[in-house]
Amino acid sequence: MTTSVIIADDHPIFRDGLHRTLDEADGFEVLAAGSNAEEAVSLVSIHQPDIAILDLSMPGGGISATRKIAAMANPPFVAILTVSENNSDVADALEAGAIGYIVKGVTASQLTDSLHSIAAGEGFVSPGLASRVLLQINSEAGISKDRDVLNDLTHREEDILRRVAKGMSNREIAEQLNLQEKTVKHYMTAILSKLHARNRVEAALIAHDVWNKAD
């Protein structure tokens, strides 16, 4: 199965290199590329890709483009690809509707692995950012997460959440726990509901924060 992609980045050399990397990778098709937020929104509307890969600091802003794309009737998954490791930037991107936040400098294989997770709706936040970002989000919302938020999870649900927090896909979790992939999806639905999380990225951030406090 091929994942269709549009790219928006104002640095031609990087944009062309990303285009070439995905063209050479298995399972991806780059439909179009632009250089600013306005072009990104237009390309999504025209091509209806599975994923929109957006630069954070391109003209018009990646966050603004994310909000407009997320408001579409059938939006693609949005992945921010940027040099910024600023907590507020990550939090703003997730709040705007992105389910992926990838820091530039990753290898080609790391990039495609993260995009495969994003294409499956599983989300991805570059390692090292997760717990910091949740602290930022919770601080702004005046929320303090503690172990109590996980008390409603069954043992199986916590097993699955621990694997989600490690970045494993539903398929990988299913194989490791000898479950059907659709069963893992059902567990994830229950986990998100119990944690009041909007997506698995936020659930993983909550888990990171709680377990780090417990250690």
Once the Cα atoms of helix 181-195 and of the chain are each reduced to a long axis, what angle between those two axes, in degrees from 0 to 90 to the nearest 10, is obtained?
-> 70 degrees
Helix 37-47: inclination vs the chain longest Cα principal axis, degrees, rounded to 10, gives 90 degrees
Computed for the chain: size of charge dipole around the Cα centre, +1 on C-beta of each Lys and Arg, -1 on C-beta of each Asp and Glu, debye to nearest 20, value 500 debye
Coarse-grained scattering of the stretch 1-111 at q = 0.13, 0.20 Å⁻¹, given as base-10 log I(q)/I(0) from a Debye sum over alpha-carbon atoms = -0.40, -1.02
Taking only the alpha carbons of the stretch 4-44, what extent do you get along each of the three principal axes, in Å, biggest first?
-> 29, 21, 8
Per principal axis, largest first, the Cα atoms of the chain extend in Å by 48, 39, 33
Potential lengthening between Arg156 and Ser193 on full extension [0.36 nm per residue; Cα-Cα distance subtracted] = 11.8 nm
Rounded to the nearest 500, what is the 222 nm mean residue ellipticity of the chain from helices alone, with -39500 (n - 2.57) per DSSP H run of 4+ residues and division by all residues?
-> -16500 deg cm²/dmol
Please work out how much length the chain gains when fully extended from Asn86 to Ser4, using 0.36 nm per residue of separation minus the C-alpha to C-alpha distance, in nm with one decimal.
-> 26.7 nm
Taking the chain as a Gaussian network, where each spring joins two C-alpha atoms under 10 Å apart, which residue of Ile13, Ile99, Ile80 fluctuates the most?
-> Ile13
Efficiency of FRET between Gln176 and Ala70 - r from beta-carbon atoms, R0 30 angstrom, step 0.05 | 0.40
Quantify, in whole percent, the carbon and sulfur part of the accessible surface of the chain (1.4 Å probe; protein heavy atoms only).
-> 48 percent
Two-decimal log10 I(q)/I(0) for the stretch 19-69, as the Debye equation yields it once each C-alpha is a single scatterer, q = 0.18 Å⁻¹ = -0.55
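The values are calculated or read from the model by the stated rules, or taken from the named source; none is laboratory data. Fair warning: this is a prediction, and the values are worked out from it, not measured in the lab. In this analysis, Cβ positions are derived from the backbone assuming ideal geometry, glycine residues included, and neighbour counts consider all displayed protein chains. We work out accessible area using only protein heavy atoms, side chains counted, and drop any ligands, DNA or RNA first. Shrake-Rupley method; radii C 1.70, N 1.55, O 1.52, S 1.80 Å.
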